[in-house]
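Step one of this worksheet: look at the structure below.
Readers should treat all values here as calculations from the given coordinates under stated rules, not as data from a laboratory. Given the structure is predicted, the values throughout are model-derived calculations rather than measurements. Quick reminder, even Gly has a Cβ in these numbers, built from the backbone with ideal geometry, and neighbours come from all protein chains shown.
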Amino acid sequence: MGVAILERMSSQVIRPARSFQGSLVLPGDKSISHRYAMLAGLAQGLTRLSNFSTGADPHSSLACMAALGATVEDKGTHIEVTGVGGEFRQPAAPLDCGNSGSTMRMLSGLIASHTHTFTLIGDHSLTLRPMERIRKPLAAMGADISLTDGHAPIMIRGGELTAIDFETPIPSAQVKTAVLFAGLQAKGTTSLSEAVRTRDHSEHALRAFGAVLTRSESRLSIAGGQMLKAIEATVPGDMSSAAFFLCAALLFPDSNLILDSLGMNPTRSALLDVVAALGAKIRVLNVEETHGELVGTIQVNAAPSAAPSTPLKIDGALTAQLIDELPVLAAIAPYTRGGISIRDAKELRVKESDRIALVAKNLAAMGATFTEYEDGLDVPGGQMLHGAVIDSGTDHRIAMAFSIAALRATSECEIDGAEVAGISFPEFYKHLSDLTGS
Ligand code: S3P
């Protein structure tokens, strides 16, 4: 599906807007959808998932589950997955992860203990992304896993795994998840600690499917040999998709945005604090918990008088927590009062594209002043930008980030390869048009 989207590239014109108002429910969170899809595929019984992500990436995970023997049915209102009850079958063809790093990395951990031969492939962008980070811990658990010059295709000859004690060398929820998913099926108790705490959806999802995970101080432990049980769940709205509209709301003095059923997991909602710090008023109208995940309704209004005149600094642990939101923050930074300074974000260079380089290229095309660093950007505020042709670099978050920057430009922008937004958020342009009244 991801590949099909990339083959049908089109451009989209975004005109400057006058207001930003409306309310919506975001499609299901991409990270949670991947995890529910994979655990449902492995579990015993029939899992029903409502508000599953509409993005192509989580559908790559579902397709891989089907290839591994699960039954996946789209019922319109929800997705049904009948799991394999702990035993994947030998897939008839390579497992196609499309554009999805999450699918490739987490799935490697999920399947490594199954005694079949697996090949994991992906599109051009995915084939450029580093995979040594998952090969190393899985090999330490005894997996027979080989890469192609550090990248996909990945070959796994599955077999029994043994528990390890693991310290994650880079902040990565995907790597943590690969180890937890492998640990769930290994001999012994796997334990893991993270120097920087990353999104904890895997921990919540594993518990929701009935696994026992313990945490003592910063160490997580999971015993092997646990059987998962199917669940019924509604996936909370995706905060990283909401990020585009939260940032847009900052740019219009009379903005009013209401987001309902939004995932507000504390490891994902640092953006709310950042947007507030940049000059927005955010009201949480209600919040509840489902399967360990917080879900709520928020109202956002711009409060320009509260905007700071000095640059907002994003570095260290905050950078890791905001990793998917940094492109849109950088893209709107010129319009903020004091600007934004981003550091410790070298990981952005190995996402679906080199996101630092592409943000820099597109800011330059719109006439912005900024400084690019190996691990970030300094973008001064108080700037006027003009329209330009934006290079999405076939990266969904770049296409959407600069669609938001385009709303405040002095002339229209053309987003080249705009359809790539479908990787995570196919409804993006429709919502953008409704919210700007265009
Ligand atoms: C994700 C983790 C992050 C993030 C990605 C989704 C996840 O990647 O950028 O979009 O669902 O665990 P890393 O784990 O590589 O930081």
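Using the average count of surrounding beta-carbon atoms within 10 Å as a protection proxy, the listed peptides 358-371, 243-256 rank, highest first, as 243-256, 358-371. Once the Cα atoms of helix 173-183 and of the chain are each reduced to a long axis, what angle between those two axes, in degrees from 0 to 90 to the nearest 10, is obtained? Relative to the chain, helix 173-183 is tipped by roughly 10 degrees.
In terms of its Cα atoms, segment 14-166 spans 57, 37, 32 Å along the principal axes, sorted from long to short.
Which GluC sites (Glu not before Pro) from segment 191-251 combine a DSSP loop assignment with at most 13 other Cβ atoms within 10 Å? Within segment 191-251, the qualifying GluC sites (Glu not before Pro) (loop, at most 13 other Cβ atoms within 10 Å) are Glu217. Placing pseudo-labels 7 Å out from each Cα toward the beta carbon at Ser19 and His124 gives an inter-label distance of 4.3 nm. Compared with the rule-of-thumb size 2.2 N^0.38 Å for a compact globular protein, segment 217-260 has a Cα radius of gyration ratio of 2.07. Listed by chain and number, the aspartates and glutamates placed with their C-alpha closer than 13 angstrom to that of Lys187 are Glu160, Asp165; residues fewer than eight positions away on the same chain are left out.
Using only DSSP helix segments of four residues or longer, with each worth -39500 (n - 2.57), what per-residue ellipticity at 222 nm results for the chain after dividing by its residue count and rounding to 500?
-9000 deg cm²/dmol
What is the distance in Å between the Cα centroid of segment 9-65 and that of segment 206-249? First find each Cα centre; the distance between them is then 15 Å.
Label sites at Leu147 and Arg89, each approximated as a point 7 angstrom past Cα along Cα to Cβ, lie 3.2 nm apart.
For Glu160 and Ala317, the difference between the fully extended length at 0.36 nm per residue and the C-alpha to C-alpha distance is 53.0 nm. Taking label points 7 Å from Cα along the Cα-to-Cβ direction, Thr117 and Ala140 give a separation of 2.9 nm. Pairs of Cα atoms nearer than 8 Å and 6+ residues apart set the relative contact order; for the chain it is 19 percent. The length gained by stretching the chain between Ala364 and Glu427 to full extension, at 0.36 nm per residue less their Cα-Cα distance, is 19.9 nm.
With the biggest extent put first, the Cα atoms of the chain measure 60, 45, 43 Å across the principal axes. Calculated FRET efficiency, Glu73 to Glu217, Cβ-Cβ distance, R0 = 41 Å: about 0.45 to the nearest 0.05.
The reciprocal of the average 1/r between distinct C-alpha atoms defines the Kirkwood hydrodynamic radius, which for segment 361-432 equals 12.8 Å. In a DSSP loop and with at most 16 other Cβ atoms within 10 Å, the trypsin sites (Lys or Arg not before Pro) in segment 3-86 are Arg8, Arg18, Lys75. To the nearest 10 degrees, how steeply does helix 396-406 sit against the main Cα axis of the chain, on a 0 to 90 scale? Tilt of helix 396-406: around 10 degrees. The GluC sites (Glu not before Pro) of segment 20-125 that DSSP puts in a loop, and whose beta carbon has at most 14 other beta carbons within 10 Å, are Glu87.
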